[in-house]
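Written below as structure tokens is the structure these notes are about.
The values are calculated or read from the model by the stated rules, or taken from the named source; none is laboratory data. Because the structure is predicted, anything quoted here is derived from the model rather than measured. Ideal geometry is used to build each Cβ from the backbone, glycine not excepted, and the neighbour counts take in all protein chains shown. Accessible surface is based on the protein model in full, side chains and every heavy atom, while ligands, DNA and RNA are left aside. Shrake-Rupley method; radii C 1.70, N 1.55, O 1.52, S 1.80 Å.
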Amino acid sequence: VHVPLVLHGPGVPRGVVLEEPVAVLDLPATLLDLAGAGGERFGDGRSFAARLHGAAPVDPPTALFLESEFGQTDADHREFVFSGLRIGPWKLVLTEENKFFPPSVPRYGREALYRLDDAPAESRNLFHQAEHEARVADWLGAMRQCERGSEPAAAPGPHCHQGSGCEFTATCKAC
């Protein structure tokens, strides 16, 4: 989730840095928008071209669904498996497998909640702190419902986009 995206070409201003994260899902819409061949949306993605030219984000921070499954070699593609959410400065991570930091070892754990503006190196896990219990429960419940392909039953919370339902992943068509 700390992977820089560098764009270069016609219509791309030089030296611009977006502070908010963007999703790979938004790249096709953005590239079409920059080329003058598309609008604000393409598939499930939204263009961030206007933000490259100084426009403020029109929408509140969208929840970005995180998932990864990979291995160091082709021998085992499930050495590292995790999923989670990134919403504004918050990042929730659920680890299924980690070759170097096994989630079954209490020192590492399976769950983590980070506030990235306070601890960008993800050094302070807030998951088990009482003050974040409602946030964690809300996001975990919405993730589970979205994974099952149904709209969250609870009223839209900070995990939702403009109060219309979750936007965790493009594959969650019911949301």
When region 107-117 is examined, which residues are found to be modelled with pLDDT under 90 and more than 23 Å from PHE70 (Cα to Cα)?
LEU116, ASP117
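Within region 8-19, can you find the residues that are open to solvent by 80 Å² or more (accessible area, probe 1.4 Å) and within 21 Å of GLY88 (Cα to Cα)? Break it down stepwise before answering.
Step one: filter region 8-19 for residues open to solvent by 80 Å² or more (accessible area, probe 1.4 Å), giving 8, 10, 14, 17, 19.
Hits for region 8-19 are VAL17, GLU19.
Answer yes or no as to whether VAL24 is closer than 26 Å to ALA121 by Cα, touching a helix residue (DSSP H, G or I) at 6+ places or on another chain (Cβ under 6 Å), open to solvent by 60 Å² or more (accessible area, probe 1.4 Å) and modelled with pLDDT of 80 or more.
Numbers: closer than 26 Å to ALA121 by Cα: yes; touching a helix residue (DSSP H, G or I) at 6+ places or on another chain (Cβ under 6 Å): no; open to solvent by 60 Å² or more (accessible area, probe 1.4 Å): yes; modelled with pLDDT of 80 or more: yes.
So VAL24 does not fit the description; no.
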Exactly one of (1) within 19 Å of the chain's Cα centre (by Cα); (2) surrounded by 12 or more Cβ atoms within 10 Å (Cβ to Cβ) is unmet by ASP118. Its number?
(2)
Just give me the residues in region 122-144 being open to solvent by 20 Å² or more (accessible area, probe 1.4 Å) and within 27 Å of HIS77 (Cβ to Cβ), in sequence order.
GLU122, ASN125, PHE127, LEU140, ARG144
